[in-house]
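A.B. asks: Just passing along the structure, written as C-alpha cells.
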Amino acid sequence: MKTQSSTRIAVDVAIIGAGPSGAVAAALLRRAGRSVLVLEREHFPRFSIGESLLPQSMAYLEEAGMLQGVVEAGFQYKNGAHFVYRDQSSSFDFRDKHTAGWGTTYQVERAVFDDLLIRCAAGQGAEVRFGHTVRAIHPGARPLVDVVDEADRPYQVEARFVFDASGFGRVLPRLLNLEAPSRMPTRAALFTHVRDGIPAGATDRNKICVATHPERRDVWFWMIPLAGGRSSVGCVADAAFLAVPEAEREARLRALIQQEPTLSRLIGDAPFLMPVRHIGGYSANVERLHGPGYALLGNAGEFLDPVFSSGVTIALRSAHLAVQTLNRQLDGEQVDWTTAYDVPLRKGIDTFRAFVERWYTGELQDIIFYPDQTPSIRRMISAVLAGYAWDETNPYVADPARRLNALHDVCTQK
Ligand SMILES: Cc1cc2nc3c(=O)[nH]c(=O)nc-3n(C[C@H](O)[C@H](O)[C@H](O)COP(=O)(O)OP(=O)(O)OC[C@H]3O[C@@H](n4cnc5c(N)ncnc54)[C@H](O)[C@@H]3O)c2cc1C
C-alpha cells in the first residue's frame, strides 16, 4: 500500500464494508498477494441481524483461512431446520442431502462472528479502518474512492478495483443509480434476543425453528438458539402488519409470539435481552453486479428475504466468485464480469428466489409438510435449504420453478 500524499492512498483493492462479504473477500485477496484496504463506517463489535448460517458457507470460511477461528469460537452448533405449522412439523437434517460438502454449521451472534472474520482478514495482512465512511466513488480503470474519517477529515483511495460490500448501506447502488425494483413485496421484521431457559429436550437447539402463524401462512417466526442460553426470535410479515410505533414494538412481538403455539410454549414470557428492533423494506436489487472498476458483493447487490437464512451464504459465495474473477483480471486476462460473476452468482440467487416465492404462496409449505416424501427428493430439497443452490446436478437447482410446481401438484394430488 502506497501513500502518495497525506490525502491519497494507493492500493490494489479497496473494500467498502467489513461484514462477512467484505471480510472474506479481503482474506481471499490477501492470500493471492493483493494489497487490501477495508473501509468500515462502524466500530466492531456491532450488532447485525442474520444469525443462522447455512452449511455451504463453511466452504468459503475454510477457503479464507477462517474455519479454525469459527470452530473454536464456541458458537451454537447447527445441523438443520425445523418447520412448524399448527399441528404439523417437519425437520430437515442438512447432513442428509443431495450435494456433497459440509452438512453442519453454526448459529452465531453476528457482533462476535463479524468481528472474528474481519480480525482474521486483518491477521492475514488486510488493513482495516473502522470509523471511516465512504462518501463517493469515481469509477473507471483506476477508480477513486472519497472517504471521511471520524474527525470528518477527507481523503481519497486510488485502487485497481473496488468491492462494494456495504450490505444494506448499498453505497454504490445509491451513488451510481444502480438500484432496480426488487421483485419481492415489501416485508418487515420485528426481532429481539430472549433469555430462553429452554429445558433440555424441549426443542432441538441444533436447528433453526421456522414457525408459520396458525391463521396467516404469509406470516412466520424464527427462533434461533444461540450459545449461552439465549435465542434470537423474530416475526416476518408484510410491512403494514408490523407497523407499530417504536414504544409498542415489544408488546406487538410478545402478542404475536403468543399466537403461535410452539414459540409460545418455548419462550413464554422469557425476558427480552434487548429492545425489539424493526427492519423493513430490506429486499433490494440492482441492474447489474459490476461496472468499470467495481463489483457489488453480498447485500450490496441483491437481497431476497430472510426465510431460508441464505443471506450470509450468498454474501460469501459472491466474495469467492468476485475474488476469483478479479484475480484473473489483475493477472492481465481480459475478463467478462457478466459471464464470470453476475450470471453464475444469480443462478443460486434465482434458486433461492423460486423457493422464497413459493414459501409465501404456501406451496413450498405444502411440500415441506407433505407426509409421504420420496427420500431422494427430500435430499434434493435439503441440499438447497443447506445452501447448495448452485449445484446444477440437483434438479431443484437446475430448474427450480418447474420442479417445485410439479412437486406441489404431487403433494396436493392434482
Ligand atoms: C430480518 C433479517 C433476518 C436475516 N436472517 C438471516 C439469517 O438467519 N442468516 C443469514 O445468512 N442471513 C440473514 N439475513 C441476511 C444477512 O443479514 C445479510 O445477508 C448479511 O449480513 C450480508 O452481509 P454483507 O457482508 O453483504 O453486509 P453486512 O453484513 O450488512 O455488512 C456491511 C457493512 O458495511 C458497512 N457500511 C455500510 N455503509 C458504509 C459506508 N458508506 N462506508 C463504510 N462502510 C459502510 C456497514 O457498517 C456494515 O458493517 C437476514 C436479514 C434480515 C433483514
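Every read-out reported here was derived from the displayed coordinates using simple, explicitly stated rules and does not represent laboratory data. The structure presented is a predicted model; accordingly, all values stated were derived computationally and were not measured. As a convention, Cβ positions derive from the backbone with ideal geometry for all residues, glycine included, and neighbour counts pool all protein chains shown.
A.B. asks: Sort 49-58, 224-233 by packing, meaning the average of other beta carbons within 10 Å per residue, with the highest value first.
C.D. replies: Going from most to least packed, we get 49-58, 224-233.
A.B. asks: Still on this structure, please answer the following. Go ahead and set up a Gaussian network model of the chain, Cα springs under 10 Å, then flag whichever of Phe241, Phe369, Phe163 fluctuates most.
C.D. replies: With Cα springs under 10 Å in the chain, the top fluctuation among Phe241, Phe369, Phe163 is at Phe241.
A.B. asks: What is the local net charge at Leu345, summed over the other residues whose Cβ is closer than 12 Å to its Cβ (Lys, Arg +1; Asp, Glu -1)?
C.D. replies: +1
A.B. asks: If you don't mind, there's one more thing I want to ask. In what sequence do Asp152, Asp336, Asp204 fall when counting other Cβ within 10 Å, fewest first?
C.D. replies: So the ranking, lowest neighbour count to highest, is Asp152, Asp336, Asp204.
A.B. asks: Expressed in nm², what is the orientationally averaged projection area of the convex hull enclosing the Cα positions of the chain?
C.D. replies: The directionally averaged projection comes out at 20.0 nm².
A.B. asks: Calculate the length of the line joining the C-alpha centroid of segment 157-205 to that of segment 360-405, in whole Å.
C.D. replies: 24 Å
A.B. asks: By count of other Cβ within 10 Å, fewest leading, how are Ser21, Ser91 ordered?
C.D. replies: By the 10 Å Cβ count, ascending: Ser91, Ser21.
A.B. asks: Which value, in Å to one decimal place, does the Kirkwood hydrodynamic radius take for segment 97-136 when every pair of different Cα atoms is included?
C.D. replies: This gives a value of 13.2 Å.
A.B. asks: With an 8 Å Cα cut-off and a minimum separation of 6 or more residues, compute the relative contact order for the chain in percent.
C.D. replies: 21 percent.
A.B. asks: Using the Karplus curve 6.51 cos²θ - 1.76 cosθ + 1.60 with θ = phi - 60°, work out ³J(HN,Hα) for each residue of segment 165-177 in order, rounded to whole Hz, and write x for Gly and Pro.
C.D. replies: Ordered by residue, 3J(HN,Hα) equals 10, 8, x, 5, x, 6, 4, 6, x, 6, 5, 10, 6 Hz.
A.B. asks: Most exposed first by the Cβ proxy, i.e. fewest other Cβ within 10 Å, how do Arg183, Arg170, Arg346 rank?
C.D. replies: Arg183, Arg346, Arg170
A.B. asks: Something else about it: Which three lengths, in whole Å and largest first, does segment 203-299 cover when its Cα atoms are put on their principal axes?
C.D. replies: 53, 32, 27
A.B. asks: Quick one: what Rg and Dmax do you get for segment 63-202 from the alpha carbons, in Å?
C.D. replies: Cα radius of gyration and Dmax of segment 63-202 are 20.8, 59 Å respectively.
A.B. asks: Considering the alpha-carbon set of segment 353-411 alone, what are its Rg and its Dmax in angstrom?
C.D. replies: Spelled out, the Cα radius of gyration and Dmax of segment 353-411 are 10.4, 27 Å.
A.B. asks: Given only helices, namely DSSP H runs of n ≥ 4 each adding -39500 (n - 2.57), what is the per-residue ellipticity at 222 nm of the chain, to the nearest 500 deg cm²/dmol?
C.D. replies: -9500 deg cm²/dmol
A.B. asks: What three numbers, in Å, describe the spread of the alpha carbons of segment 149-212 along their principal axes, ordered from the longest?
C.D. replies: Cα extents, longest axis first: 56, 35, 23 Å.
A.B. asks: Can you order the peptides 261-268, 379-386 by their average number of other Cβ atoms within 10 Å per residue, highest first?
C.D. replies: Descending mean neighbour count gives 379-386, 261-268.
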